[in-house]
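Enquirer: Pasting a structure below so you can have a look.
Read-outs: derived from the displayed coordinates by stated rules, not from any lab. These numbers were taken from a predicted model, which means no experiment stands behind them. Virtual Cβ from ideal backbone geometry, glycine too; neighbours counted across all protein chains shown.
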Amino acid sequence: MSTTTFSALGVPAPLVAALTAAGITEPFPIQQDTLPDTLAGRDVLGRGKTGSGKTLAFAIPMVARIASTGRQGRKPRGLILAPTRELATQISATLEPLASAAGLNLTTIFGGVSQQRQVAALKAGVDIVVACPGRLEDLMKQGFAHLDQVEITVLDEADHMADLGFLPVVTRIMNATPNTGQRLLFSATLDNGVDKIVARFLRNQVLHSVDEATSHVSAMTHHLFEVADADVKKDVVEALASGTGRRILFMRTKHHAKRLAKQLTASGIPSVDLHGNLSQPQRDRNLAAFSEGTARVLVATDVAARGVHVDNVELVIHVDPPAEHKAYLHRSGRTARAGSEGDVVTIMMPSQKGDTLSLLRKAAIKVTAEQVTKSSASVTALIGEVAPKVTPAPVTEPARGRSQGGTSQGANAQRKRANRDGRGQGEGGSRRGSAGRSGGRSAAASGSGRGGSYAGGSGRPAQESRGGSQGGNAQPARQHSEQRTASAATAPSRPRGGKGRAQSTGGAIRVGSVVRPNVRGR
């Protein structure tokens, strides 16, 4: 670590004070190399890995430049584009203390949540916008986001944006910013079209390759464990997850990540999952549990490989080896961050051996495969101190049947309870029928029930139908019912039956448009 200070690099005093308050007193190499150029307003192409301190490398010059010019309106003057909502949130968290110290405000824009708060923030006026490309372009099309006053733009992890197919959107967003603005681009690689973005939007850029894409492996110890079958793999994974420190376990699919987190939690190892199927509140809640230590294990898909910045992750486990070497490097970059050390374990089945060895060669990782079980010395050494088992909280199923939120006292509710309580009482008692809800809509019909007279053939005694309601609307209902009952006494009884069925003259009934003999006396 260099002994050069932020002040010596030209960082304004208010920002130095904010950094000191956060415990950051010495710049990392990428900050030391880039800050003289970025603070001078030059375009910079940075090849720094995640975890190397590159967020501050672009946050400091952005805040310093905007604070020096003063607000001239409500439109944003600083723009940071990030590929994922997790990374955008992490950038905002790093940027917030600096912006606050300089009297600037910022907002974070990403999809998966309502845009109302984001729109309200833009209308109120913001100095810096940290955004994912998709949602930002949506707000631009709707007329809520205007970038014509942006003075400095940052593209963070441009290679990942290329992998996700965002470069066409990024190009359109960059075209909406002034050509005279300063541009900073950080990317581990320049493939998949990133080089075209550099050529189009950066002018006379200064290249800083302080940390090449693979240089961070020196701070890590890599392990390659071969397991005999799925059962051995399950035991090894559970053993490695049982230590007291933070661990991140990577899976290929969302379903497998969710299932493994549940299995570990059920076995006494508090775990949370992180993948694309979670809503933003669920992601925030799970990340908070992992950051605060409520859960020691995070089981994630590659969505977390670049967007999760949590300190003191001592072990990364590739439970499922990734599909390509760049994903391996970015997954592994969750440990050994900012000068610390960490271990990375890749677990492979015999059928995965060829692909895994090829992947590691492309990532420039030299490691020897080792056959292991959960009791192997290499496994127990990585476990360290075993954390006490935690009994998972019981999952309470919601009560079925009657609502637990209180008892309704309305007239309809009381009638329903009376019907329910009197259901199935036998002959001569109260029976609930299919048409009895009318409360005495028709007169007593002979032969429609057993042991008494039933209103409208419903199976409910006529007396109960007229007098059973206790609600506030009961009196008008009884009067109306009695009037209809009196008139129905002199009228032909309407037969029971389905929709469209009406009694016909001459001993026949009509069903729809077909007239059939009323052979059963219906």
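Enquirer: For the range 24-78, compute Rh as the Kirkwood radius over C-alpha pairs and then the Stokes-Einstein diffusion coefficient at 4 °C and 1.567 mPa s; write the answer in µm²/s, rounded to an integer.
Expert: For the chosen part, D equals 106 µm²/s.
Enquirer: If you take the beta carbon distance between residue 277 and residue 171 as r and set R0 to 22 Å, what does 1/(1 + (r/R0)^6) give as a FRET efficiency, to the nearest 0.05?
Expert: Efficiency computed from Cβ-Cβ geometry: 0.15.
Enquirer: Let me ask another. For the ranges 230-241, 138-149, what's the packing order if you count other beta-carbon atoms within 10 Å of each residue, average per peptide, and put the highest first?
Expert: 230-241, 138-149
Enquirer: In square nanometres and to one decimal, what's the mean projected area of the convex hull around the Cα atoms of the range 1-137?
Expert: 8.4 nm²
Enquirer: Working out 0.36 nm times the residue gap between residue 72 and residue 22, then minus their Cα-Cα distance, what length gain in nm do you get to one decimal?
Expert: Once the chain is fully extended between residue 72 and residue 22, it gains 15.0 nm.
Enquirer: With N set to the number of residues, divide the alpha-carbon radius of gyration of the range 271-322 by 2.2 N^0.38 Å and report two decimals.
Expert: Normalised Rg, Cα atoms only: 1.07.
Enquirer: So for the pair residue 164, residue 291, with labels modelled 7 Å out along Cα→Cβ, what separation do we get in nm?
Expert: 1.8 nm
Enquirer: A further question follows. Give the residues of the range 221-243 whose amide nitrogen is closer than 17 Å to a point set 7 Å from the Cα of residue 267 in the direction of its Cβ.
Expert: 225-243
Enquirer: What is the packing order of peptides 308-314, 272-278, 377-383, taking the mean over residues of other C-beta atoms within 10 Å and listing the highest first?
Expert: Top of the packing list down: 272-278, 308-314, 377-383.
Enquirer: With the cut-off at 1.5 for a/c, could you classify the range 216-383 from its C-alpha gyration tensor as rounded, prolate or oblate?
Expert: rounded
Enquirer: Does a label point 7 Å from the Cα of residue 100, set along Cα-to-beta-carbon, have any residues of the range 276-295 with amide nitrogen under 19 Å, and which are they?
Expert: Within reach of a label on residue 100: 288, 292.
Enquirer: Would you calculate the volume per residue, in Å³, of the smallest convex hull containing every Cα atom of the range 96-208?
Expert: Spelled out: Cα convex hull of the range 96-208, divided by residues, is 123 Å³.
Enquirer: Exceeding 29 Å between C-alpha atoms, which entries from my cross-link table qualify? They are 54/234; 233/389; 123/196; 54/366.
Expert: 54/234; 123/196
Enquirer: If you don't mind, there's one more thing I want to ask. Under the 0.36 nm per residue contour assumption, what length would be gained going from the current alpha-carbon distance of residue 324 and residue 386 to full extension?
Expert: 19.1 nm
Enquirer: How much length, in nm to one decimal, is gained on full extension between residue 376 and residue 235, taken as 0.36 nm per residue of separation minus their Cα-Cα distance?
Expert: Additional length available on full extension: 49.6 nm.
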